[in-house]
Amino acid sequence: MRNRSGLLKMFGLCLLAGVLVAGVLFPVAGLAGVISNQASETVESTSAELADEPPPQLTTITDKNGEPIATLYDQYRVPTAPDEISDAMKWALMSIEDRRFYEHNGVDWKGTLRAAVSNSSGGDTQGASTLTQQYVKNYLINVIHRDDELGQQRAQEQTIGRKLKEARIAIQLETRMSKEELLAGYLNVVEFSRQIYGVGAAARAYFDTTPDQLDVKQSALLAGMVNNPAVNDPWSNPEAATQRRNIVLDSMVDNRKLAEEDAERIKNEPLGVVPGGPNKPAANCVGAGPEHGFFCQYVEDYLTTHGMDKEELYSGGYTVRTTLDRQANRIAKRAAEEQVSKTQDNVANTLSLVTPGKDRHEVVALAANRDYGIDKEAGQTIYALPSSTANVTGAGSAYKIFTAAAAMQQGLGIFDSLPSPGSYTSSRYTNAGQPYTVGNASDSYPANMNLQTALATSPNTTFVHLLDRTGIRPVLDMAYRLGMRSTMTSNAANGGPVDAGNESNAWGMEQREFYGPRENSRGMPAFTLGVSPTNPLEMANVAATIMSGGTWCPPTPIAEVTDRNGQPVSIEEEPCEQAVNEDLANSLAEAMSQDSVNGGTSAAAASDVGWTRPMIGKTGTTQSNASAAFVGATPQMAGASMVFKPDNPAGGIVDGGPGNVYSVGEGNGNIFGGRTPARTWYTAMNQILEGQPERPLPSASPRYE
């Protein structure tokens with residue numbers, strides 16, 4: 001019975017080999033014709049895919065000067081030309097996988113029949129696939145269907161139809177590509193282990209060398225891995241890797257490509273891989289390091305929200321030259337760390353910097369006291385602290401900018417007198433049905449002051465009074481127009497979520513009109529006091545808009561994007577727009593020009609660094625002193641520093657001076673926008689702008705005086 005079973009198995013496998021031959025050569029003959037007709041419908045399209053779909057490559061992120069800061073990839077691959085691969089690597093691979101590679105035309109019929117006989121007689125299992133056929137299969141698995149689990153399964157299923165399709169494509173490729181091109185093609189797509197694909201990346205990752213320098217020992221290890229990369233991984237399973245390497249060495253001896261004594265000598269040598277794991281770049285923005293990781297993250301977020309699919313970004317082989325100024329970013333991070341320790345629990349200190357302009361607002365630095373990374377014990381984080389609303393609390397009275405601008409648009413002059421009582425009850429708004437009453441941070445304010453002084457000294461009562469005059473909707477609209485775009489669409493301007501499908505509680509992006517929440521809903525009058533989750537980068541861009549004559553541009557981190565062939569790639573960025581008229585913007589700048597001088601809320605921080613430049617500025621602090629902000633700009637640079645509690649917003653933040661800032665879980669803190677945030681801003685800006693001329697602010701329009 002056993003002999004009869006073996007004969008039947010051998011007969012079946014030989015029949016399979018015959019079917020493959022018939023299917024490739026005679027597509028209308030009998031059973032093979034049926035199978036061939038079914039397969040041929042996809043053969044041409046698959047062949048075209050192999051020609052048109054390039055293998056994934058890593059994307060490189062650089063600074064403004066083109067110096068790399070990070071790589072993004074799903075498959076670490078270094079494209080390698082045929083003449084850049086050592087002969088040892090080529091012969092090691094052919095010896096173990098396809099000894100007759102140079103003799104067949106894509107399908108090794110002799111090998112197929114031999115495999116059928118060997119498998120049926122109980123010998124070693126042999127697949128009989130040529131390197132060309134394996135190239136097809138690996139291309140389908142690692143390139144065409146890399147994100148399609150079902151497609152990968154179909155590319156590996158043990159069926160006559162799949163084998164026939166693979167064989168026919170292999171024969172087609174042999175007519176279009178030289179043997180050297182096919183061999184290099186296989187070695188460029190094959191998987192090794194740990195996201196390493198292709199011999200170019202493997203040479204670097206395993207041996208810290210280039211593929212043209214691979215010797216016999218190294219080549220034998222790599223050639224042996226392609227059979228089962230996970231099992232033969234030299235770091236996690238060195239015994240299996242050594243055993244497989246030695247099998248390859250024996251195959252090279254049998255193929256007369258290596259002397260037996262050399263093979264025996266190499267078998268006794270260690271694997272020789274780099275210690276501790278593969279030498280490869282990080283696959284995401286963690287590779288940008290603690291200093292530049294936040295900027296890299298913003299680049300990724302920006303591209304994926306401006307027309308580029310994330311999978312394409314991680315596989316397209318792009319070069320993204322950014323607007324990152326390394327020196328400015330380094331100074332910004334150092335200033336943030338000087339004020340708040342990078343390991344301080346539950347306190348983040350961020351600084352976001354943007355250049356004003358009427359055609360572009362370029363982001364030059366995104367820094368935080370915390371390092372960017374995944375080591376939580378070291379205080380690291382991958383939250384986009386300087387450029388998103390996530391984990392960020394309010395900016396406090398910095399939002400009074402929007403109330404002032406809305407009132408000016410309705411005719412208020414910057415030197416018009418306004419009341420500033422110690423307590424004020426709104427005549428228009430309530431809070432949960434109760435009168436909305438606010439007080440000031442101190443009792444030192446005069447009974448009246450003009451708008452310019454109010455912005456510099458920040459009495460709460462004056463701005464709630466202005467809110468009664470303007471109404472909330474013009475203020476919300478002004479916040480959006482000046483730059484709080486994602487901030488206003490990610491919350492309902494009072495800390496609650498936006499329901500985009502409900503006109504009573506949604507921001508109308510087309511009409512640019514705020515439909516809700518209701519005029520008198522809970523929390524809305526506190527908008528002018530900055531209670532809303534806030535994007536720090538957008539606060540910086542508000543200052544850039546004001547300093548650009550009212551021209552809003554998206555805060556872009558992109559200088560240029562090119563594809564793997566060096567051709568430019570367009571990014572779908574929003575056009576710049578005149579958010580408010582230039583007279584209003586220039587007059588608002590004049591109204592905000594006194595914060596750094598005597599009596600201004602940031603005057604002490606400015607004096608500490610010897611600040612003399614004309615500038616605009618506004619501080620802000622939230623209730624319980626739980627967060628604080630400073631936003632400001634010179635004609636050359638705009639920026640916002642925010643200090644907040646990213647892990648738990650309860651309680652306040654205590655400012656005990658530079659390096660002694662910490663959070664308390666209960667009770668109030670004592671931080672203000674004129675302290676830690678302003679010190680961070682002035683310290684960094686003073687150094688970044690060193691050597692640049694002190695430019696004057698734009699003149700206010702008489703109509704707003």
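The values are calculated or read from the model by the stated rules, or taken from the named source; none is laboratory data. These numbers were taken from a predicted model, which means no experiment stands behind them. Every residue, glycine among them, receives a Cβ derived from its backbone with ideal geometry; neighbour counts consider all protein chains shown. To get the accessible areas, we keep the full protein, side chains included, count just its heavy atoms, and leave off ligands, DNA and RNA. Shrake-Rupley method; radii C 1.70, N 1.55, O 1.52, S 1.80 Å.
Of the residues contained in region 290-303, none is found to be out of contact with any strand residue (DSSP E or B) (no Cβ under 7 Å at 6 or more places or on another chain), of a type in the set (V, I, T) and at pLDDT 95 or above. Does any residue of region 203-219 turn out to be farther than 21 Å from Y73 by Cβ, acidic (D, E) and either assigned to a loop (DSSP other than H, G, I, E, B) or open to solvent by less than 10 Å² (accessible area, probe 1.4 Å) (or both)? Yes, there is a match, as at least one residue in region 203-219 is farther than 21 Å from Y73 by Cβ, acidic (D, E) and either assigned to a loop (DSSP other than H, G, I, E, B) or open to solvent by less than 10 Å² (accessible area, probe 1.4 Å) (or both).
So which of A263, A283 ends up being at pLDDT 95 or above, small (G, A, S), assigned to a helix (DSSP H, G or I) and crowded, with 17+ Cβ neighbours inside 10 Å? It is A263.
Scanning region 604-621 for residues that are more than 23 Å from A348 (Cα to Cα), surrounded by fewer than 23 Cβ atoms within 10 Å (Cβ to Cβ) and in contact (Cβ under 8 Å) with a residue 40 or more places away in the chain turns up G610, W611, T612, R613, P614.
Of everything listed in (1) in contact with a Leu (Cβ under 7 Å, 6 or more places away or on another chain); (2) within 27 Å of R703 (Cβ to Cβ), the single unmet condition for P555 is (2). Exactly one residue out of S624, S699 is surrounded by fewer than 21 Cβ atoms within 10 Å (Cβ to Cβ), among the hydroxyl-bearing types (S, T, Y), touching a residue at least 12 places away in the same chain (Cβ under 8 Å) and part of a loop (DSSP other than H, G, I, E, B): that is S699.
Inclusion of E577 among residues that are within 26 Å of P533 (Cα to Cα), modelled with pLDDT of 95 or more and open to solvent by 40 Å² or more (accessible area, probe 1.4 Å) is warranted.
Residues are listed down the side, and each one gets a yes or a no for (1) touching an Asp or Glu at 6+ places or on another chain (Cβ under 9 Å); (2) within 15 Å of T457 (Cα to Cα); (3) small (G, A, S); (4) modelled with pLDDT under 95:
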residue: N586; (1), (2), (3), (4): no, no, no, no
residue: S596; (1), (2), (3), (4): no, yes, yes, no
residue: A603; (1), (2), (3), (4): yes, yes, yes, no
residue: M615; (1), (2), (3), (4): yes, no, no, no
residue: G639; (1), (2), (3), (4): no, no, yes, no
residue: G674; (1), (2), (3), (4): yes, yes, yes, no
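For region 673-682, the criterion of being assigned to a loop (DSSP other than H, G, I, E, B), surrounded by fewer than 24 Cβ atoms within 10 Å (Cβ to Cβ), in contact (Cβ under 8 Å) with a residue 12 or more places away in the chain and among the charged types (D, E, K, R) is met by none of the residues.
Every residue, every condition in (1) hydrophobic (A, V, I, L, M, F, W, C); (2) open to solvent by 30 Å² or more (accessible area, probe 1.4 Å); (3) over 26 Å from A650 (Cβ atoms), yes or no:
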| residue | (1), (2), (3) |
| --- | --- |
| T381 | no, no, no |
| S397 | no, no, no |
| Q410 | no, yes, yes |
| F415 | yes, yes, yes |
| S423 | no, yes, yes |
| V438 | yes, no, no |
| A454 | yes, no, yes |
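The residues of region 232-260 that are crowded, with 17+ Cβ neighbours inside 10 Å, assigned to a helix (DSSP H, G or I) and not aliphatic (A, V, I, L, M), listed by number, are T242, R244, R245, N246, D250, S251. Does Y399 count as at pLDDT below 95 and of a type outside the set (S, T, N, Q)? It is false that Y399 is at pLDDT below 95 and of a type outside the set (S, T, N, Q). So is A650 surrounded by 19 or more Cβ atoms within 10 Å (Cβ to Cβ) and either under 24 Å from I401 (Cβ atoms) or not hydroxyl-bearing (S, T, Y) (or both) or not? No, not satisfied.
Residue-by-condition table, conditions (1) hydrophobic (A, V, I, L, M, F, W, C); (2) open to solvent by less than 10 Å² (accessible area, probe 1.4 Å); (3) outside any helix (DSSP H, G or I):
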| site | (1), (2), (3) |
| --- | --- |
| R146 | no, no, yes |
| A155 | yes, yes, no |
| Q172 | no, no, no |
| T175 | no, no, no |
| L182 | yes, yes, no |
| A230 | yes, no, yes |
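At least 2 residues being closer than 17 Å to T683 by Cβ and open to solvent by 10 Å² or more (accessible area, probe 1.4 Å) is the threshold, and among the helices (runs of 4 or more DSSP H) wholly inside region 288-375 those reaching it are 326-339.
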